[in-house]
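This report refers to the structure that appears directly beneath it.
Each reported figure results from applying straightforward, stated rules to the coordinates on display, with no laboratory input. Remember, it's a predicted structure, so these values are computed and weren't measured experimentally. Cβ atoms come from the backbone with ideal geometry, glycine included; neighbour counts cover every protein chain shown.
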Amino acid sequence: MANGAVGIEEAAAAGRTRRRVVVVGGGFAGINAAQALSDLPVDVTLVDRKNYHTFQPLLYQVALAVLSPADIAQPIRSILRDHPNIEVLMDEAIGFDLEQKHVRLKAGTVLVYDYLILATGSTHSYFGHEEWATLAPGLKTVEDATEIRRRVLLAFELAERQMLEYGTHPPLKFVIVGGGPTGVELAGSISDIARLYMRNNFRHINTKEAKVLILEGSPHILGMYPDDLQQMARKQLEALGVELRTGAVVTDIQPGYVMVGQERIDAVVTLWAAGVQASPLGKLLGVETDKKGCVMVDGYLNPKGHPEIFVCGDLAHVEENGRLLPGVAQPAMQMGTYAAKRIGMLVGREAGSEGTATKPFHYFDKGDMATIGRKAAVAKIVWPFKAHWHGFMAWLAWLLVHIYFLIGFRNRLGVFRQWAWTYLTLQDGARLITGSQDLPGWQHNATDKN
C-alpha cells in the first residue's frame, strides 16, 4: 500500500477524531464544496489533475484571442491558501473501493475518506466517432481553447501567405457543429474577429469575407432557452453574418470538410460544440449511471446506498420538475455548497449535536445568459426579477455577471481592463499562434500553383 495511505490509516488508529473529506475535482462544484467545508471540524483533501481552477464560461474568449489563459485561471492552492484544514494534491483519481472507503490515485497514493465528494465534470461526446476529435476540437479546457485559437488564427495567416504566393486562397469558412451556448458564442466571436478586430491587419486578404456556419441537429439553436430568445439569438447571429442550419445532422468529419447526409461542406476549421459526456470516474464508482455516464443520485446527491458519497456538477444526474439540470456553473456551485452543508450536518449528528436533516437539494435558478458577439447576447432572468433581455442590455448584464463570479481580484481587474480595451479600440489582446503551423485539411483546399 502507498505511503500516503499508511500514514492516514496510522493516524486513524492513533485516535483521529476529525472526519476526513476527499474532494475529487477542482471545478466549480469542487472549489465551492471545499470553501464551504473550510469552516467545519473536518480535514479536507482536494485532488485535481491540474493545479488551477478554470472559469469555463470564458474559455471561448481565450479560444478567440480576447483573453489569455491566465485571465480565467487561478491556482487552486491560492484560492484555498487561507484554509488550514484543506490540503491540495495535484494528482488523478483512477479508482475507488467503496467498502474500504479508499480513493486510488494515479501516482500510487491511496486516500482514505469518511466522506467523498466527486465533481470531475464532463468532457466532449462525439457520439461514437472519437476519430473526429482531432479534426474538430471541442472546448472544455485551457488546452482546448489554445488549440482552437491556433487553428482559427492560422487559417487567416495561411490564407494571407497563399494569396501572396498564388494570388488566390480557399474560402475562409468556419463550421461549428452544435448550436448550444458554446457553439453560438464561438460563432459570434469568430465573426467579430473577422469583421472587426482583424479587418485592417492583413494586406492581401479581406477577412470580412470569412464565413461562419452553425450546424445544429435539432430544430432550434439554444434549445434550453425560451422561444423568443431563440429567435432573437438567430436574428443577432444573422446580423453578424453567421449562417445557421437547423435539422442538419453531421454524418462525417474529414480534413477540410464535413458531411451532412450526402452533402459535402468545405471548412478550413471545424469546431465541435454538439455534445458532452460525463467524466469516466462516474462509472468507476460501480453505481448506476445514465447513458451519458452521469451518476444517478437521490435528493441528497447520494448514489443509492452510499450516504457518505456526494456527486456534484456535470457528473450528477439531477432532475427537477421532470427536467435534467443543465451542466453549467450555477448548478455545480450550488451542489458543491449543498454537499458541504450536508456533511456538516452529518458530522454534527455523529458528535451528538441536535438538529434536523437538511432538506433535499433544490436548484435556485437565477437564469441563463449566452453572449453572441459585440453588444449582442440573450438573457433569461429569473431572479431577482423575471425578464427576457437581448442585445446590448443582455450583453452588458453578461459582462457584469461574469466579472462578479471570477475568482480573484487580479483576474476581475485584468478581464475588465482587457474588455474595455477591446471594446474601445477594436483590438484583441491575446492573438498568439503557438504550436504547429499545420492545419488539418488545408492541403486539400489549397490551389496548386501552375
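Rounded to the nearest 500, what is the 222 nm mean residue ellipticity of the chain from helices alone, with -39500 (n - 2.57) per DSSP H run of 4+ residues and division by all residues? Before the final figure, lay out each step's value.
Details: 13 runs with 145 residues, N = 450.
Theoretical 222 nm ellipticity from helices: -10000 deg cm²/dmol.
Give a quick list of trypsin sites (Lys or Arg not before Pro) in region 89-127 that DSSP marks as loop, anything other than H, G, I, E or B, with at most 14 other Cβ atoms within 10 Å.
Details: sites: LYS101, ARG104, LYS106; in loops: LYS101, LYS106.
Loop-located and lightly packed - LYS106.
Expressed as a whole percent, how much of the Cα-Cα distance distribution for the chain exceeds 29 Å? Can you show the working numbers first?
Values: 51334 of 101025 pairs.
Value for the chain (Cα pairs over 29 Å): 51 percent.
Taking the Cα centre of the chain as the origin, how large is its charge dipole in debye, to the nearest 20, when only Lys and Arg (+1) and Asp and Glu (-1) carry charge on their Cβ atoms?
Numbers: 45 positive and 46 negative charges, 218 e Å.
Approximately 1040 debye in magnitude.
Taking 0.36 nm per residue of separation and subtracting the Cα-Cα distance, what length does fully extending ASP97 through LEU324 add?
Numbers: separation 227, 0.36 × 227 = 81.72 nm, distance 2.86 nm.
Between ASP97 and LEU324, full extension yields 78.9 nm more.
What order, most packed first, do the peptides 380-393, 261-274 have when packing is the mean number of other Cβ atoms within 10 Å of each residue?
Values: 380-393: 13.4, 261-274: 20.4.
So the order, starting with the most tightly packed, is 261-274, 380-393.
Straight-line reach only, C-alpha to C-alpha below 25 angstrom: list the lysines that LYS211 could link to, leaving out same-chain residues fewer than 8 apart.
LYS140, LYS173, LYS235, LYS375, LYS449
Go from 0 up to the bin containing the longest alpha carbon distance in region 218-306, width 10 Å each, and give me the % of pairs per bin.
Distribution as computed: 13, 28, 27, 22, 10, 0 percent.
How tilted is helix 409-425 with respect to the longest principal axis of the chain? Cα atoms for both, answer in degrees (0 to 90, nearest 10).
With both axes taken from Cα atoms, the answer is about 10 degrees.
What fraction of the Cα pairs in region 289-409, stated in percent, has a spacing above 24 angstrom?
Details: 3074 of 7260 pairs.
Value for region 289-409: 42 percent of Cα pairs lie more than 24 Å apart.
Just order 169-176, 192-199 by mean Cβ neighbour count inside 10 Å, highest at the front, would you?
Numbers: 169-176: 21.9, 192-199: 20.4.
Per-residue mean Cβ counts within 10 Å order the peptides as 169-176, 192-199.
Using a 7 Å offset from the Cα along the Cα-to-Cβ direction at both PHE385 and ASP227, what is the distance between the two label points in nm, to one decimal?
2.6
Tally the DSSP beta bridges in the chain and give the antiparallel ones as a percent, rounded to 5.
Working: 35 of 69 bridges.
If I count the DSSP bridges inside the chain, around 50 percent turn out antiparallel.
Order 230-236, 184-190 from most to least packed using the mean count of other Cβ atoms within 10 Å.
Values: 230-236: 20.1, 184-190: 27.3.
Output ranking for 230-236, 184-190: 184-190, 230-236.
List the aspartates and glutamates whose alpha-carbon lies under 17 Å from that of LYS292, not counting same-chain residues fewer than 8 positions away?
Those aspartates and glutamates meeting the cut-off are GLU130, ASP314, GLU319.
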